[in-house]
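A short write-up of the structure that comes next.
The values are calculated or read from the model by the stated rules, or taken from the named source; none is laboratory data. Just so it is clear, the model here is predicted, and its values are computed rather than measured. Backbone-built Cβ (ideal geometry, glycine too); neighbour counts: all protein chains shown.
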């Protein structure tokens, strides 16, 4: 019998707002001092009244619009009742039957709903005891639920990556999975059978690995004639297995009922039409535009749009480049940005935005390469100097005589010296070892301290080798 995977995702996203969902306590996910950002409302003191955060509601509407969902004209909050130590009120304010958004689509996967709720606190287990930090309690939390349209573990991970990009382009969340800004739960079954929910997924790799393991575990059970239990399982990263946590709750277990302190409200008050017009260019559209407009390949485009700031940096650099060299290759600039500029930033432990290699510097550097004033090797050295000193490439070129030597007369002397000193490499080339040519060019570049034009050197060596 063939078993067809059926996978749905539940994605929780901490939203970027100044204050929490229903009170004025700061919404700071990075706060280290326990219970600092708390107040009677988010601590659930009796008699306190929640007031919805307007910016959080707008954020969810933005996501719904970006995914092609329907913004419900009337929405409301509900109480989701369950008891757990990190839930201060003994219930969670969430949304049940009238969410902010219904429908939508991403990568061909249908969205069932997107709603808004408050986050819980954090349990800290240490030295045989458990402590509760309520800094996170009450933070605005968006939950997106897909239809069970996903058919593979890789497709589940791809959905998560694309959603993360959209959230970042919209500016509604940093969506950093390592920091818990974005949390995935996968509902996994075979042939639409008994569903198992997997929690504790904190990376896209874990999403793929956990889903793949669970599919294999369920198939093995079914082939052995055993039943799949309807339960919640956690992903054990160290052991690379899912482990049983508890039986799966149903909606009626939470005893949902309308939140009595927050009446239903109309979403027109949040001006969804204006929010729709203000949406930025989204990743899929930018990915396609970069390929068509800048004539770069799919791989380059995918890397460049992986961060809104990286994409912006690239476009600013290309704009500078075209002003100096109309027919210059944006693909060459993209290659240096992706491979060299980012590498220098990583080596120095800073982000691209913190480096001194600004878009104008990168454009100037590429122009010098195109005009053969410097070699690719010199360009790498120059990048390091720019990073350290915030100096324009043209100024480095003047001060340090970086100009590449392309004059065949000057290079010819070096070529003859290299021939005289490396007779074995010449003999090897004549025997068919083509890589010996690159060896000779490398020796010449060493003598020239990287200033020789490698293309001119290669042509000179080829001429001499033909005569031998």
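Output the residue which, of all residues in segment 253-299 that are in contact with a helix residue (DSSP H, G or I) (Cβ under 8 Å, 6 or more places away or on another chain) and in a loop (DSSP other than H, G, I, E, B), is nearest to residue 117 (Cα to Cα).
279
May I ask you to say which residue of 201, 166 is modelled with pLDDT under 95 and either over 29 Å from residue 36 (Cα atoms) or in contact with a helix residue (DSSP H, G or I) (Cβ under 7 Å, 6 or more places away or on another chain) (or both)?
Checking each option against the conditions leaves just 201.
Which ranges mark the strands (runs of 3 or more DSSP E) fully within segment 181-240 that have 1 or more residues being under 31 Å from the mean Cα position of the chain (by Cα), within 30 Å of residue 28 (Cα to Cα) and outside the structural domain of residue 148 (by TED's automatic domain parsing)?
Of the strands (runs of 3 or more DSSP E) lying wholly inside segment 181-240, none has at least 1 residues that are under 31 Å from the mean Cα position of the chain (by Cα), within 30 Å of residue 28 (Cα to Cα) and outside the structural domain of residue 148 (by TED's automatic domain parsing).
In segment 266-301, which residues are closer than 23 Å to residue 357 by Cβ and surrounded by 15 or more Cβ atoms within 10 Å (Cβ to Cβ)?
Matches in segment 266-301: 286, 290, 294, 296, 300, 301.
Quick one: which helices (runs of 4 or more DSSP H) lie wholly within segment 312-381 and hold at least 1 residues that are crowded, with 20+ Cβ neighbours inside 10 Å and at pLDDT 90 or above?
The helices (runs of 4 or more DSSP H) meeting that bar are 330-336, 359-370.
Within segment 28-72, how many residues are under 25 Å from residue 266 (Cα atoms), assigned to a loop (DSSP other than H, G, I, E, B) and under 32 Å from the mean Cα position of the chain (by Cα)?
Of the residues in that region, 7 qualify.
From the list 326, 287, pick out the single residue that is assigned by TED's automatic domain parsing to the domain that holds residue 387 and over 30 Å from residue 56 (Cα atoms).
Within the list 326, 287, the selection yields 326.
With 131, 123, 165, 87 as the choices, which residue is over 21 Å from the mean Cα position of the chain (by Cα) and outside any strand (DSSP E or B)?
Going through 131, 123, 165, 87 in turn, just one is over 21 Å from the mean Cα position of the chain (by Cα) and outside any strand (DSSP E or B): 87.
Does residue 266 count as farther than 30 Å from residue 209 by Cβ and in contact (Cβ under 8 Å) with a residue 12 or more places away in the chain?
yes
Does segment 410-422 include one or more residues that are out of contact with any strand residue (DSSP E or B) (no Cβ under 6 Å at 6 or more places or on another chain), exposed (fewer than 15 other Cβ atoms within 10 Å of the Cβ) and at pLDDT 70 or above?
Yes: segment 410-422 contains one or more residues that are out of contact with any strand residue (DSSP E or B) (no Cβ under 6 Å at 6 or more places or on another chain), exposed (fewer than 15 other Cβ atoms within 10 Å of the Cβ) and at pLDDT 70 or above.
Only one of these conditions is not met by residue 23: (1) over 23 Å from residue 254 (Cβ atoms); (2) touching a residue at least 24 places away in the same chain (Cβ under 8 Å). Which number is it?
Unmet for residue 23, out of (1) over 23 Å from residue 254 (Cβ atoms); (2) touching a residue at least 24 places away in the same chain (Cβ under 8 Å): (1).
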